[in-house]
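Peer 1: This is the structure I want to talk about, given as structure tokens.
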Amino acid sequence: MDFSTAFFQEFSEAYSERDGYRLARTVTPDLPTDKLWKIWKSQNAHSIRSFLKRGLQGNVAFADHEELQGWVEVYAVYWNAVGEILVALVSSNDDKSKSSELVWTRAYQAWTELLNALLRGYQNSKFKNWTIICLYTVCKHLRIFAMKADDERNSNNFVDDSPAVNFQDDFDPETNKRQKLEDCVRQLFKAFNVCQQDRAALEESRKWGSYYIANLLLKSYFKLNSASLSKNILKSLHAGGKDMPDFSAFPKSQQVTFKYHEGVIAFLEENYAHAEACLTDAWNGCHKDAAKNKELILTYLIPCHLITSHTLPTEALMKQYPRLQKLFLPLCRCIKRGELHKFDLALQEGEDEFVRRRIYLTLERGRDIALRNLLRKVFTARGVEEAKEGEKPVRRTRVPVAEFAAAISLGSQEKIDIDEVECLLANMIYKGFMKGYISRQHGMVVLSKSGAFPGTGV
Amino acid sequence: MLPTWPAAPPSGAQSSTGYATSYSAPAYTAVQVRQSFGQSYSTPQPSYPLAHTYGPSHSPSPSAVDIARNVNLPPPAAASEPAKTKIDWPDSVRRYVQRAFIPANLDSSVTRAEMETKLKETITQANEKGVLNTLDWDMMPLPQHMIREERARALLTLQPKQPAQAQAPAHAPGTKKRKSWDLADGAAPTSSSATPYPWRNGPGRLEHRVSFSPDKRDEPLKQSSKFNRADKRLKRHEGEYTTQREETPPPLDGPVVGTCQNLEKRFLRLTAAPKPDQVRPPYILRQTLELLKKRWKKDQNYSYICDQFKSMRQDLTVQRVRDEFTVEVYEIHARIALEKGDLGEYNQCQTQLKALYKLGLKGKPNEFTAYRILYFIHTANRTELNNALADLTAAEKKDKAIKHALDVRSALALGNYHRFFQLYNDTPNMGAYLMDMFVGRERLAALCNICRAYKTDVPLRFVTEELYFESDLEAAQFILDHGGQELLQDRGGTVMFLTGKANNLFEGARAKAFSRVDIKGQI
């Protein structure tokens, strides 16, 4: 909204109604270009502050002079940032003049100023906590501008020779690539602390903003490929646990996003039980129409189930998500049928995609289940002993290692060393997929009479 | 040869086949898989044949100047070289200089001193960038023109501007040049102007001493050392410096150009911008590397070598030298660190190497990618391992060393210790040094498996073979070390391992071995 009397009216109404979302719309950069132009042209650098001060003073009854000053500053900086954004928009539309300037970097920097003005407002100028939506808007766009600035710099191949490089013993060109996003993470972390460490009573606290900012941070960490750094955020939120509002009191969207990220972090650390719990929460809370989000959750939840409970997704579930079906179905079929060699091939086939999604190492462990199913087939194929008088027939529990070896090399037609087969069998026994023992002297596996393959009914 | 390494061939012979293609004097020991577990890393390394290779060149005091003279590279501008040092300036450069001083081209507003400074700056820069021979000197703007342009630009910056454009000149192409000029000036103010350059030997030499500057704005230029200062003052006068100060960081932010001529230098962490006279330029560092390779072979003094390599890496970094030589330095340091089990230092090199290879520099990327994977297996860093896998291309996956590392990973992930120990016995390059670090814990894991799965007993020989112990004795020792006295039984000449009685004997040790992976400098 351009800075005229209408602006003061809007601000004053939003302020008296304590409508954070309405107020946040006055600090958004997400406007059509002509609207931005109107804002930019409505004032000039010389008079903007006095204009804002007069207008806000006349229209809004601030409890505090500090607060007035704070808002004047926020809007003055916002106005300036709009100017930079316009420069960036104009020159990025204008392809042929690959300007020597990093316009988005400047837009990012101007927007950082806005974040700082806003944070100062919360820390020094007694901004009310319901206005936290403004902080959401500013933070969200800060991240967008940071990514644009990084893309711009990388595509133009700017050599950034910042003096700090001189002081290091080694250099790392990689760090420059996502320089602005890294800076953005630092800025967001400041915002996170301003929210998280507010000690006001809960109803007036900025702690309500913690999860929104935390989610932005988590997203950024993932983008930076440093999901491990997210631990700090999780720890900080955990440590402040009892002073925080109840997690269920936060907006559902924030809960789901947070649980998803928490789940994926646990997943990457192979803490599958915790990952399963978080992802299940996210799954249950996810909006029914958010197909993309549900697909993301399932991408990790399905491998989780494979590990924790050795269960495969039903075909009905996968039908709803064609991409997941393509991703998982071949593997699932091989596991189910105990086709060891085909499993290897399917894993190889999808390797690139699995690795990209960071699920390869988890899915690879599905081989154990495929192997278990194969061995189980060998066991059942041997049939039962002659039943004794009046007793239930019992399965033949003594299986030569050579039979297992034959089964394992059936698919690939490659001969396998008996010692290696024993090693695989030992693993099955050790991991609890199979009950029994190997007798090396006799080249025999002696399986348990009751439940040789736990959980499979034999 | 050490008695504990009976199978290893003489390492001198081995090393010459490994990497002989990349450099003449390899500075690492090629390694056979170490058959003995639990041997400490401080055991003396196999000695090298010395005399024939390094006899003459290893005199302890090769003076820096001697070496500099032997090198066929021109010295940097600021270095105080004896006048007779012959520098072979290309003809095109000579023509360029001559062209600048043709009377028709002279500009009355540009003093001779300014021209000479500019010339020196232009040529030195071209030399440092290594484009001396490739630049089209005939098309190069003359120094007087450059100076005039600079002045015009400086004037421009003085004019009032819209805030949105105020910083634009900071990105102008001219500024960078100026920075390095400042640097060269600040680096060696006296020696630089005292150095006689070839182009001063021409007919212009006398004039410049007497200085018939048609423009008398400056004080009489009696000492050549004042030329630069005067020039600077002139620029300041025109407002160039004031505008620049406001917009860019201090002028010293370009890469340093080293002038230090010592081969050896102790490593010190920088706390301020490095001084050029304490930084060795690349052509000296090349000498240093050769020296260090020899030293390493001769003395095997790791703390000395590591320190020297660190200072070398630092010198390269501050000068922003990122070329194949840089790669070589990091590769060699990484191999030496690996050999000595200094994982912290190794890891730093590895991180750098990854970045350097990414720049497209040649080296042994596959060898080090393989190490990288093995390293992440050792540190059990799932996230990084995932990232490393994601970075691999199809061609890399087929590389022998990388494929080996991937197979190791897969074998361990599936608990296939049989396969793992086969791979351990057949490790390319120096990967065995890395595998040595986790083979102990994998033996424990395998032992746990065996104890759970095999009933009553197995021959000790089976354990020896499956877990690649060098002898039954060593296998027995391993079992005894973990409290398995009760589990070994001599049965008519065959030692049996009573797996049935082991229960969970090795579980504690196994859990402990897997929990303790803490390495300094880990990413």
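Peer 1: Which one is nearest to the other protein chains (Cβ to nearest Cβ), of the residues in region A:345-360 that are in contact with a helix residue (DSSP H, G or I) (Cβ under 9 Å, 6 or more places away or on another chain) and surrounded by fewer than 17 Cβ atoms within 10 Å (Cβ to Cβ)?
Peer 2: Filtering first and then ranking leaves A:Arg356.
Results for (1) modelled with pLDDT under 90; (2) assigned to a helix (DSSP H, G or I); (3) not charged (D, E, K, R), shown as yes or no for each residue.
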site: A:Trp283; (1), (2), (3): no, yes, yes
site: A:Glu295; (1), (2), (3): no, yes, no
site: A:Leu298; (1), (2), (3): no, yes, yes
site: A:Leu301; (1), (2), (3): no, yes, yes
site: A:Cys304; (1), (2), (3): no, yes, yes
site: A:Ile307; (1), (2), (3): no, yes, yes
site: A:Leu312; (1), (2), (3): no, no, yes
site: A:Arg323; (1), (2), (3): no, yes, no
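Peer 1: Let me ask something else about it. Whether any residue in region B:376-388 is free of Cβ contacts under 8 Å to residues at least 40 places away in the same chain, within 30 Å of A:Gly436 (Cβ to Cβ) and basic (Lys, Arg) is what I want to check.
Peer 2: no
Peer 1: State whether the residues of region B:428-446 include one that is away from chain A (no Cβ under 14 Å), within 30 Å of B:Ala334 (Cα to Cα) and among the polar types (S, T, N, Q).
Peer 2: Within region B:428-446 (the criterion being away from chain A (no Cβ under 14 Å), within 30 Å of B:Ala334 (Cα to Cα) and among the polar types (S, T, N, Q)), the answer is yes, since at least one residue qualifies.
Peer 1: Does region A:396-407 contain at least one residue that is of a type in the set (A, V, I, L, M) and at pLDDT below 80?
Peer 2: Scanning region A:396-407 turns up no residue that is of a type in the set (A, V, I, L, M) and at pLDDT below 80.
Peer 1: Please tell me if A:Leu363 is more than 14 Å from chain B (Cβ to nearest Cβ), closer than 21 Å to B:Asn386 by Cβ and not small (Gly, Ala, Ser).
Peer 2: no
Peer 1: Being part of a loop (DSSP other than H, G, I, E, B) and under 32 Å from the mean Cα position of the chain (by Cα) is the requirement here; does A:Phe127 meet it? Break it down into steps so the answer makes sense when it comes.
Peer 2: Numbers: part of a loop (DSSP other than H, G, I, E, B): yes; under 32 Å from the mean Cα position of the chain (by Cα): yes.
Yes.
Peer 1: Still on this structure: Going by the conditions given, is A:Leu425 within 14 Å of chain B (Cβ to nearest Cβ), part of a helix (DSSP H, G or I) and within 23 Å of A:Val445 (Cβ to Cβ)?
Peer 2: Yes, satisfied.
Peer 1: Quick check on region A:309-330. Is at least one of its residues within 14 Å of chain B (Cβ to nearest Cβ), more than 15 Å from the chain's Cα centre (by Cα) and either of a type in the set (A, V, I, L, M) or crowded, with 17+ Cβ neighbours inside 10 Å (or both)?
Peer 2: no
Peer 1: Something else now. Does A:Ala290 satisfy being among the small types (Gly, Ala, Ser), closer than 19 Å to A:Lys231 by Cα and surrounded by fewer than 22 Cβ atoms within 10 Å (Cβ to Cβ)?
Peer 2: Answer is no for this residue.
Peer 1: Next up: Of the residues that sit in region B:381-401 and are modelled with pLDDT of 85 or more and part of a loop (DSSP other than H, G, I, E, B), which one is farthest from the other protein chains (Cβ to nearest Cβ)?
Peer 2: B:Asp399
Peer 1: In addition: Is at least one residue of region B:462-470 of a type in the set (Ser, Thr, Tyr) and either part of a helix (DSSP H, G or I) or without any contact (Cβ under 8 Å) to a residue 12 or more places away in the chain (or both)?
Peer 2: Step one: filter region B:462-470 for residues of a type in the set (Ser, Thr, Tyr), giving B:464, B:468.
Narrowing the set further to residues that are either part of a helix (DSSP H, G or I) or without any contact (Cβ under 8 Å) to a residue 12 or more places away in the chain (or both) leaves B:464.
There is at least one residue in region B:462-470 that is of a type in the set (Ser, Thr, Tyr) and either part of a helix (DSSP H, G or I) or without any contact (Cβ under 8 Å) to a residue 12 or more places away in the chain (or both).
Peer 1: Another question, then. Suppose we filter A:Leu363, A:Leu331, A:Leu347, A:Leu375 for residues that are more than 24 Å from A:Val264 (Cα to Cα) and either among the aromatic types (Phe, Trp, Tyr) or in contact with a Phe, Trp or Tyr (Cβ under 8 Å, 6 or more places away or on another chain) (or both); which single one remains?
Peer 2: Matching residue, one of A:Leu363, A:Leu331, A:Leu347, A:Leu375: A:Leu375.
So that you can scan it fast, the table gives a plain yes or no per residue for (1) acidic (Asp, Glu); (2) surrounded by 15 or more Cβ atoms within 10 Å (Cβ to Cβ); (3) within 14 Å of chain B (Cβ to nearest Cβ):
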residue: A:Lys392; (1), (2), (3): no, no, no
residue: A:Pro400; (1), (2), (3): no, no, no
residue: A:Ala407; (1), (2), (3): no, yes, no
residue: A:Val445; (1), (2), (3): no, yes, yes
residue: A:Lys449; (1), (2), (3): no, no, no
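Peer 1: Shifting gears a bit: Any idea which of (1) touching a Cys at 6+ places or on another chain (Cβ under 6 Å); (2) not in a helix (DSSP H, G or I) is the one A:Ala275 doesn't satisfy?
Peer 2: Answer for A:Ala275: the failing condition is (2).
Peer 1: Looking at region B:88-179, what helices (runs of 4 or more DSSP H) fall wholly within it and have at least 1 residues that are modelled with pLDDT of 70 or more and closer than 27 Å to A:Leu102 by Cα?
Peer 2: B:112-129, B:143-158
Peer 1: Let me ask you something else. When you scan region A:46-71, how many residues do you find that are within 14 Å of chain B (Cβ to nearest Cβ) and either touching a Phe, Trp or Tyr at 6+ places or on another chain (Cβ under 8 Å) or of a type in the set (Asp, Glu) (or both)?
Peer 2: Of the residues in region A:46-71, 1 are within 14 Å of chain B (Cβ to nearest Cβ) and either touching a Phe, Trp or Tyr at 6+ places or on another chain (Cβ under 8 Å) or of a type in the set (Asp, Glu) (or both).
Okay, residues lined up against (1) surrounded by fewer than 21 Cβ atoms within 10 Å (Cβ to Cβ); (2) not in a helix (DSSP H, G or I):
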site: B:Glu290; (1), (2): yes, no
site: B:Lys293; (1), (2): yes, no
site: B:Lys297; (1), (2): no, no
site: B:Arg313; (1), (2): no, no
site: B:Val321; (1), (2): yes, yes
site: B:Thr326; (1), (2): no, no
site: B:Tyr330; (1), (2): no, no
site: B:Gly341; (1), (2): yes, yes
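Peer 1: Residues to consider are B:Lys362, B:Lys354, B:Lys358; find the one that is more than 13 Å from chain A (Cβ to nearest Cβ) and either under 16 Å from the mean Cα position of the chain (by Cα) or at pLDDT 85 or above (or both).
Peer 2: Exactly one of B:Lys362, B:Lys354, B:Lys358 is more than 13 Å from chain A (Cβ to nearest Cβ) and either under 16 Å from the mean Cα position of the chain (by Cα) or at pLDDT 85 or above (or both), namely B:Lys362.
Peer 1: Scan B:Glu507, B:Glu465 and give me the residue that is over 34 Å from the mean Cα position of the chain (by Cα), more than 30 Å from A:Asp344 (Cβ to Cβ) and not assigned by TED's automatic domain parsing to the domain that holds B:Tyr346.
Peer 2: None of the others qualify; the one that does is B:Glu507.
The values are calculated or read from the model by the stated rules, or taken from the named source; none is laboratory data. Because the structure is predicted, anything quoted here is derived from the model rather than measured. So basically every Cβ, Gly included, is an ideal-geometry build from the backbone, and we count neighbours across all protein chains shown.
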